Amino acid sequence: MFTGIIEELGKVRLITQNKLQIVCKTVLEGTKLGDSIAVNGVCLTVTELNNDSFTADVSFETLNVSALGNLKKDDIVNLERALMLSDRLGGHIVSGHIDGMGKCLSINKNSEFYDFNFEIPKELLKYVVKKGSITINGISLTIAEIDNNIIRLAIIPHTFENTNLKTLKTGDIINIETDILSKYVEKFLSTSDNRSSIDLDFLVKNGF
């Protein structure tokens, strides 16, 4: 479990069909083999530790369903260690399991702030709400506006400078994780284990 508060920017040293090695410093502190680190929002297991880097195994499935498959040597990635029970929940609850990929449509500087527009898969729209939380490349962010399947995010200077949003370009593919709470709400408010939705007949039969 993570919070979406990025601890450090790492650099890709090596990426193959099954391994990813990241040069970093902060997230190595206290990290052991088998620990979890979110890389651009994807929860990975540490399989090798060095003085200046860690290595994680990445499956074909992970590369296929996330933007990690687009990484190249020297790319900058967002890093966060798994949450400890004693930590503050500064962002929101993030699982590290990617729901889909989106595309950066535009980046505009508005005074000191930055407006980002992202296109997201239409099937994820039911999980996003204005002023709600969303995770982009592992960063906990607040949705400012929604227009069809395009979301606008207003990014403060601190977030821009301390995440890889500052390296993002128009057309880049990003990892998306929607708010896990929205999925539980959907589960609780649905019948037949999410295979059918509540309708008027269901509400009438149950006294509403």
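The values are calculated or read from the model by the stated rules, or taken from the named source; none is laboratory data. Treat the numbers as computed from the prediction; the structure is a model and nothing was measured. Positions of Cβ are backbone-derived with ideal geometry, glycine not excepted, and every protein chain shown enters the neighbour counts. Ligands, DNA and RNA are stripped out before the accessible areas are found, and what is left, the full protein with its side chains, is counted by its heavy atoms. Shrake-Rupley method; radii C 1.70, N 1.55, O 1.52, S 1.80 Å.
Within the stretch 1-32, how many residues are of a type in the set (V, I, T) and on the phi > 0 side of the Ramachandran plot? Explain how you work it out, then say what you get.
Within the stretch 1-32, the first condition is being of a type in the set (V, I, T), and the residues that meet it are 3, 5-6, 12, 15-16, 22-23, 26-27, 31.
Filter once more, keeping what is on the phi > 0 side of the Ramachandran plot: none.
Matching residues across the stretch 1-32 total 0.
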(message) If I filter the stretch 1-22 down to residues being assigned to a loop (DSSP other than H, G, I, E, B) and surrounded by fewer than 15 Cβ atoms within 10 Å (Cβ to Cβ), which single residue comes out as modelled with the lowest pLDDT?
(response) Q17
(message) Checking the condition within 19 Å of the chain's Cα centre (by Cα), of a type in the set (V, I, T) and at pLDDT 95 or above, which residue from T62, T45 passes?
(response) T45
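Looking at the stretch 23-33, can you tell me whether even one residue there is of a type in the set (G, A, S) and open to solvent by less than 50 Å² (accessible area, probe 1.4 Å)?
Within the stretch 23-33 (the criterion being of a type in the set (G, A, S) and open to solvent by less than 50 Å² (accessible area, probe 1.4 Å)), the answer is no, since none of the residues qualifies.
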(request) Provide a single number: the residues in the stretch 72-120 that are within 16 Å of S140 (Cα to Cα) and of a type in the set (S, T, Y). (result) 2
(request) Quick one: in the stretch 94-121, of everything that is farther than 19 Å from A144 by Cα and outside any strand (DSSP E or B), which residue is most open to solvent (accessible area, probe 1.4 Å)? (result) H97
(message) So if I check each of S182, S140, S190, which one is under 13 Å from the mean Cα position of the chain (by Cα), within 29 Å of E61 (Cβ to Cβ) and among the hydroxyl-bearing types (S, T, Y)?
(response) S140
(request) May I ask you to list the residues in the stretch 39-70 that are open to solvent by less than 40 Å² (accessible area, probe 1.4 Å) and in contact with a Lys or Arg (Cβ under 8 Å, 6 or more places away or on another chain)? (result) V46, S53, T55, A56, V58
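If we only count strands (runs of 3 or more DSSP E) wholly inside the stretch 122-184, which ones have 2 or more residues that are open to solvent by 10 Å² or more (accessible area, probe 1.4 Å)? Talk me through it step by step, then tell me what you get.
Numbers: elements: 133-136, 139-147, 150-155, 173-178.
So the answer is 139-147, 150-155.
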(message) Exactly one condition in (1) buried (at least 19 other Cβ atoms within 10 Å of the Cβ); (2) in contact with a Leu (Cβ under 8 Å, 6 or more places away or on another chain) is false for E80; which is it?
(response) (2)
(request) Could you check how many residues of the stretch 43-87 are in contact (Cβ under 8 Å) with a residue 24 or more places away in the chain and in a loop (DSSP other than H, G, I, E, B)? (result) 12
(request) With the checklist (1) open to solvent by 40 Å² or more (accessible area, probe 1.4 Å); (2) under 19 Å from I156 (Cα atoms); (3) at pLDDT below 95 in hand, flag the one item R88 doesn't pass. (result) (2)
